[in-house]
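A short worksheet on the structure shown next.
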Amino acid sequence: ETQPILSARVSDPEGVEPQLVLDRLRGIPGVVSAEVAAAVAFLAIGPPRRVASDPSTTVPISALTGSIGPDYFSTLNVRMRAGRTFSEADTAGSEPVAIVNDLLAGQLWPAALREPGAAIGKQVFIDSRPHLVIGVVTGYSITAIRPPRPMVFTPFAQLQPPPARVEFMIRAAGD
């Protein structure tokens, strides 16, 4: 199944309420799905960050990162392999949570190579800050010319301070 995916970037989004923009986008005829993200796009993703399963590790993994809304994976047709996606309950005041791709899960927890669910409930340290792993997604590539890389995602609602730019990802019906 192929459907057009559009991306719109808003730089310096001060005064832009992402939920209001999403509500309007989702109301446009032909829009199947829309979501907000920061540091994620088709050709650029957030800078690699140090990721580990143990905060005292001397050899962290370099993983691509992004802060995304709850419908990001469904908008891009990326399959959840285990666990759940983010929800409205994952806010700045709640426990820090993360979703990892299956490539990163397998590198951090070898049992997750056979069973992605083995990563659920584990702690992943992003730049030494602990996050509870709540989901594992299929590894995917941002571009067709690069293979998938280790990735970790955090909820857009837990992003502090507010980002300097946001992306709105839109999946449209038809050609």
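The values are calculated or read from the model by the stated rules, or taken from the named source; none is laboratory data. Please read all numbers here as calculations on a predicted model, not as lab measurements. Please note: Cβ atoms are built from the backbone with ideal geometry, for glycine as well, and neighbour counts cover all protein chains shown. We work out accessible area using only protein heavy atoms, side chains counted, and drop any ligands, DNA or RNA first. Shrake-Rupley method; radii C 1.70, N 1.55, O 1.52, S 1.80 Å.
Computed quantities for the displayed model
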item	result
Of all residues in the stretch 5-26 being hydrophobic (A, V, I, L, M, F, W, C) and part of a helix (DSSP H, G or I), the one that is farthest from Ala172 (Cα to Cα)	Leu20
Residue within the stretch 78-87 that is open to solvent by less than 60 Å² (accessible area, probe 1.4 Å) and at pLDDT below 95 present	yes
Members of the stretch 131-167 found to be in contact with a helix residue (DSSP H, G or I) (Cβ under 8 Å, 6 or more places away or on another chain), buried (at least 21 other Cβ atoms within 10 Å of the Cβ) and under 18 Å from Gly69 (Cα atoms), listed by number	Val133, Val136, Val137, Met151, Val152, Phe153, Phe156, Val166
Any chance Ala92 is in contact (Cβ under 8 Å) with a residue 40 or more places away in the chain, among the aliphatic types (A, V, I, L, M) and touching a Pro at 6+ places or on another chain (Cβ under 8 Å)	no
Within the stretch 88-116, tally of residues that are aromatic (Phe, Trp, Tyr) and open to solvent by 50 Å² or more (accessible area, probe 1.4 Å)	0
Gly69 open to solvent by 50 Å² or more (accessible area, probe 1.4 Å), small (Gly, Ala, Ser) and over 23 Å from Gly174 (Cα atoms)	no
Residue list for the stretch 117-130, restricted to those being loosely packed, with under 12 Cβ neighbours inside 10 Å and closer than 16 Å to Asp90 by Cα	Gly121
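Quick grid of which residues meet (1) over 29 Å from Lys122 (Cβ atoms); (2) under 14 Å from the mean Cα position of the chain (by Cα); (3) at pLDDT below 85:
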{"residue": "Thr2", "(1), (2), (3)": "yes, no, yes"}
{"residue": "Ala39", "(1), (2), (3)": "no, yes, yes"}
{"residue": "Ser67", "(1), (2), (3)": "no, yes, no"}
{"residue": "Phe73", "(1), (2), (3)": "no, yes, no"}
